[in-house]
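Quick note: the coordinates plus some simple rules give every number you see, no bench work behind them. These numbers were taken from a predicted model, which means no experiment stands behind them. Counting neighbours? That spans all protein chains shown, and the Cβs are built from the backbone with ideal geometry, glycine included.
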């Protein structure tokens, strides 16, 4: 059995005056060599945003730097992050993919632009078929959150995406289509997703987009910090069985 513990941190990058988020992941693998013999392997990983800008003194445990992005529950409210991600999408040729992905959430969106009224403060605008040109923050929080997911994915090809509170800002009625988009984009861009959630509806929405016999999804249920207990691991086949056949809560 493989067990993983994740600790998230934020470092302040003084040169760029912004918080850089990431996680340290410890993976323990218990190998049963024989009936009376076992061996435990441990491996540690560090995943950080903007790793090329971050000056950390601790030793890197990854041999190769991977693209890493972190989405917090409030990420869609930070304009500077949106500007940076959209600029990256445009300069690297991913802008069309971003537009195509967000149109799957709202087909009325015709374009996405970076505009400014005074030449100093810039914002993202949707060109919408019914509404016309309007700032992104005038739309619902669910659409803003979906845009944050799409913008992060656009620059994460062959990388790692960390999402805290996966369901934050999303109404339960849109969880399945939004997560369907997320799962498909992770497959298309070869992105490894790590996400946290307390929502059983969010878990069900993810499972609805993953085949029953798929090994793409693994859920770790953390022990209660007060009552204690053991970390539990459920893979895709077992998850479907526990949720759809036995109706158990695996959170």
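With N set to the residue count of the stretch 101-241, report its C-alpha Rg divided by 2.2 N^0.38 Å to two decimal places.
1.22
Less than 20 Å from a label point 7 Å out along the Cα-to-Cβ axis of residue 129: which backbone N atoms in the stretch 92-122 qualify, by residue?
Counting only backbone N, you get 96-113.
For residue 204 paired with residue 157, estimate the spin-label separation in nm (one decimal), with each label point 7 Å from Cα along the Cα-to-Cβ line.
So the two model labels end up 3.7 nm from each other.
If R0 is 51 Å, what FRET efficiency do you get for residue 113 and residue 233 from their C-beta distance, rounded to 0.05? Each step should come with its number before you reach the end.
Details: r = 44 Å, r/R0 = 0.87.
Working from the Cβ atoms, E equals 0.70.
Report relative contact order for the stretch 57-197 in percent, whole number only (criteria: Cα-Cα under 8 Å, sequence separation at least 6).
Relative contact order comes out at 29 percent.
Extension gain residue 172-residue 215, at 0.36 nm per residue separation less the Cα-Cα distance, in nm?
13.0 nm is the gain from fully extending residue 172 to residue 215.
Give the share of C-alpha pairs in each 5 angstrom bin for the stretch 60-124, from 0 to the last occupied bin, in whole percents, shortest bins first.
Taking all Cα pairs of the stretch 60-124, the binned fractions are 4, 13, 18, 23, 21, 11, 5, 3, 2, 0 percent.
Alpha carbon centre of the stretch 164-227 versus the stretch 109-136: separation in Å?
Taking the Cα centre of the stretch 109-136 as reference, the centre of the stretch 164-227 is 30 Å away.
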